[in-house]
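The values are calculated or read from the model by the stated rules, or taken from the named source; none is laboratory data. A quick note: this is a predicted structure, and the numbers were derived from the prediction, not measured. Virtual Cβ from ideal backbone geometry, glycine too; neighbours counted across all protein chains shown. Only protein heavy atoms, including side chains, enter the accessible area calculation; ligands, DNA and RNA are left aside. Shrake-Rupley method; radii C 1.70, N 1.55, O 1.52, S 1.80 Å.
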Amino acid sequence: TTKTSIAADVSRLMLTGSIKRESPINTTNRRAPPGIEYFLPLFFEQTQTLFDYLPENTIIVSEHDVLQQAGIFDDETLQRYESARHDIERPILPPEQLFINRNDIENKISSFRSIQWQDYEHEQKNSINFNSTAPPKLLINARASSPTEILTQFIQSKPGRILFAAESTGRRETLMSLLQDNNIRPVLFESWHDFIESDQLLGITVAPLELGLSLHDPMIHVIAETQLFGQQVLQRRRRRAQQRDSENVIKSLAELIIGAPVVHDEYGVGRFLGLQTITAADMTSEFLALEYADKDKLYVPVSSLHLISRYSGASPETAPLHKLGSGQWERAKKKAQEKVRDVAVELLEIYAKREAKQGFAYPLDENQYRAFAAEFPFEETPDQQTAIDHVLRDMTKSRPMDHLICGDVGFGKTEVAMRAAFVAVMAGKQVAILTPTTLLTQQHAQTFSDRFSEWPVKIDSLSRFRSKKEQDEIIKGLASGQIDVVIGTHKLLQKDVRYKSLGLVVIDEEHRFGVRQKETFKSLRAEIDILTLTATPIPRTLNMSMSGMRDLSIIATPPAKRLAIKTFVSQWHDSMIIEAIARELKRGGQVFFVHNEVDTIEKQVRKLRELVPNTKIEFAHGQMRERELEQVMSDFYHQRFNILVCTTIIETGIDIPNANTIILNRADKFGLAQLYQLRGRVGRSHHRAYAYLIVPSRNIITAEAKKRLEAIESIETLGTGFTLATHDLEIRGAGELLGDEQSGQMQEIGYAMYTELLEKAVKSLKEGKTFDPDLDAKDTEIELHIPALIPEDYLPDVHARLILYKRIASAKTDESLTELKIEMIDRFGLLPPSVKNLFEITALRNSAKLLGVDKINLSDHG
């Protein structure tokens, strides 16, 4: 076991009273549990580190500042220990018993042969340079009349051979196109060594380098993208396209727990009892055990797991369990199918109306757009780039756009909106950005102004922070067309606000607006384009998007170096509040303390000042005067004080990268979307962020509140705002799609199956066919009487096995099965024969189903 895990176990034993801190550590301690006498000497006497396991001939390679960083870690760890060492209730071990310190690291490294690498910026006198120098800066100015002037001059000076290195194939094509437009024509090479062996003077290849270099012998300059476009965040991630369609998110079994309701396509709703291994006729197989009404059991072979999906549509407790063999499921499914056909017809009418509407097809100037995009200081994540492409595609079509961008806080939704706004303004249209709060209006106005600073675009904001005179001038500017982009709250919906040529409306955090407010914009012009941004789409919005009534893009890939937020649910303890605040302040950060009661907020501030006396604390709420509130938020942004006690006024969009701890008082009173939004106010930089949800005793919290808290605490993975919306869907119920009568159908057969039937109905009617939901629902039954399972000794984790069974059974192509094989070998080792059999059976079923085969049975009797 690792030293850290041992420390955790010792701390737990101390905490539970099994070991007393003041007790002598020896084998005669009567309070120690059985076996601890072997455990304690191992921990306290053995101080082995990673270095002790290295062979004598090891060469250690390290960065130039590794010892400096180790020293910083030592100081921070010691400070944390000193601040918490006197807490008797939660004793902790001293740092020297947990971590190796800086001096020991230095001594250990010096006992081996070592290589220390440096970049040119930190080059030292005694360093060895392999006949190279720092690369030249050859920045491309996309707005200049001759964007590549500096690069062209460098090439004409005949400095030697030049190789351009792009980070990906897509970026290589973009760079190639830009260079060719400016009469620079590099030859394409598959790899850098192909270029070395050639005699070409100019080449381009894919090589993800942060920095290039200039070699002297032979004279070759490797030009990385950073030398051409400035410092961008280059992300090292696999570029394999990930399919994230909404149905797969809903149907995923990744969060399935014992007792949870599931839907079997042929037998209906039952409860999941776990995976069970059954041996029959000397053949061992693994089955999914389901319980139906009257305690009836159904065992589903893992090879048929594609027929199982999570039930969503009502709370797990009220899920309607069906009686096996009663025809109850068939009747419910048939009734739902009839209703679904009616909904599909209605949907097609909506499609037809949308397609018939004539909107404005925006012209796209590739050179101008490329120049604007190049000014984005980061690299687009794959999901973000996909969302941008989809929005631009919709804007260049002649029908009005109604597009929803669902992405976690800080994942780049605003940049998507700015790209769309740029295209609209360059086409002579005005853009309105609708935000739910004045603070977010102010922040967006600053962000847009910075982003468009080099372009002839007039940007202004309309909110209660502006004086009456300023508001009147802005309204005049919109009517005359002098203002290109306006950012504002619901004031943009006032009757006296008129636009000369409104083309695009961006609605940020749409769940904060009512349907009537959003429809006001749509009624202004039939051809208006709508772009909606949200981190947690409300269930109705989710329904509409999944049903094809709106276009949906999900941004689920986190930016580079972004860490997930650690979330803790706890009752109020003074010591915990003090420690949470002290921990953040000692690393130079700031703290949000959310107290959503204006009447008692000043009392809460006084209490916090008593707990952390040497800290400057201010408060903010929506009932303050505009200028006063603006000043407080500005001071917090500029780090003039450390702790902001506030109401949910910070909920939407406010971005303070230095604030990475948030404490939510009475978190049980917030909705799930609210909790998610508030938690998203931290963790917007590369620092680890912490969220503390303070609640009263669990006995007095409502069942709904407990579910919300469990959901928010369980989701620590980045990019799960979309998944969170499905939690919200289950807790609140699916609701209606196009009418109240649909709610009962969803609850009866489950949301996943309802949307699946709806998609099939729409597809059939679009193709002019009769809707037959059972046409491709029949599954091929396969009995080969060979072991086909993932052995427990190959993958012990039941949860992981369940997910892999589902993925294998759901794979529809040989290519996807091959990818899964590669992934499993990479993660767990070579496939055992039974796993190979499982893959073969799945491939056989896919082929048989295409041929219309109902059953395949292999036996000794022929």
* Asked: If you check Val457 against the conditions, is it modelled with pLDDT of 90 or more, closer than 19 Å to Arg419 by Cα and either open to solvent by 40 Å² or more (accessible area, probe 1.4 Å) or outside any strand (DSSP E or B) (or both)?
  -> yes
* Asked: Is it fair to say Met176 is more than 28 Å from Gln118 (Cβ to Cβ), in contact (Cβ under 8 Å) with a residue 24 or more places away in the chain and out of contact with any Asp or Glu (no Cβ under 8 Å at 6 or more places or on another chain)?
  -> yes
* To do: Considering only the range 813-862, state which residues are polar (S, T, N, Q), within 30 Å of the chain's Cα centre (by Cα) and not in a helix (DSSP H, G or I).
  => Thr813
* Structure fact -> Within the range 183-198, restricting to residues that are charged (D, E, K, R) and over 22 Å from Thr152 (Cβ atoms), the one that is least open to solvent (accessible area, probe 1.4 Å) is Asp194
* Asked: Which one of the conditions (1) within 27 Å of Leu552 (Cβ to Cβ); (2) at pLDDT 80 or above; (3) small (Gly, Ala, Ser) does Ala352 fail to meet, given that it meets all the rest?
  -> (2)
* Candidate set: the range 792-808, residues that are over 26 Å from the mean Cα position of the chain (by Cα) and more than 17 Å from Gly274 (Cα to Cα); chosen: the one surrounded by the fewest Cβ atoms within 10 Å (Cβ to Cβ) -> Asp793
* So Ser697 clears everything in (1) modelled with pLDDT under 70; (2) within 27 Å of Leu675 (Cβ to Cβ) except one condition, right? Which one? -> (1)
* To do: Answer yes or no: is there a residue in the range 565-580 that is at pLDDT 80 or above, open to solvent by less than 10 Å² (accessible area, probe 1.4 Å) and assigned to a helix (DSSP H, G or I).
  => yes
* Structure fact -> Checking Ala445, Ala427, Ala421, Ala432 in turn, the sole residue that is farther than 28 Å from Arg562 by Cα, buried (at least 22 other Cβ atoms within 10 Å of the Cβ), in contact (Cβ under 8 Å) with a residue 40 or more places away in the chain and over 21 Å from the mean Cα position of the chain (by Cα) turns out to be Ala432
* To do: Select from the range 199-216 the residues that are open to solvent by less than 30 Å² (accessible area, probe 1.4 Å), at pLDDT 90 or above and either farther than 21 Å from Ser157 by Cα or aliphatic (A, V, I, L, M) (or both) and list them in ascending order.
  => Ile204, Thr205
* Within the range 435-463, how many residues turn out to be farther than 23 Å from Pro657 by Cα and of a type in the set (A, V, I, L, M)? -> 3
* Asked: What residue, of Val391, Val343, is touching a residue at least 12 places away in the same chain (Cβ under 8 Å), over 16 Å from Gly503 (Cβ atoms), surrounded by 14 or more Cβ atoms within 10 Å (Cβ to Cβ) and not aromatic (Phe, Trp, Tyr)?
  -> Val343
* Would you check which residues across the range 665-714 are surrounded by fewer than 21 Cβ atoms within 10 Å (Cβ to Cβ) and among the β-branched types (Val, Ile, Thr) and list them? => Val695, Ile700, Ile701, Thr702
* Answer with yes or no whether Gln442 is modelled with pLDDT of 85 or more and polar (S, T, N, Q). => no
* Asked: Going by the conditions given, is Ile786 of a type in the set (A, V, I, L, M) and open to solvent by less than 60 Å² (accessible area, probe 1.4 Å)?
  -> no
* Structure fact -> For the range 258-281, pairs from a residue that is under 16 Å from Lys333 (Cβ atoms) to a residue that is of a type in the set (S, T, N, Q) and part of a strand (DSSP E or B), with Cβ under 7 Å and 6 or more apart or across chains, are Val262/Ser309; Val263/Ser309
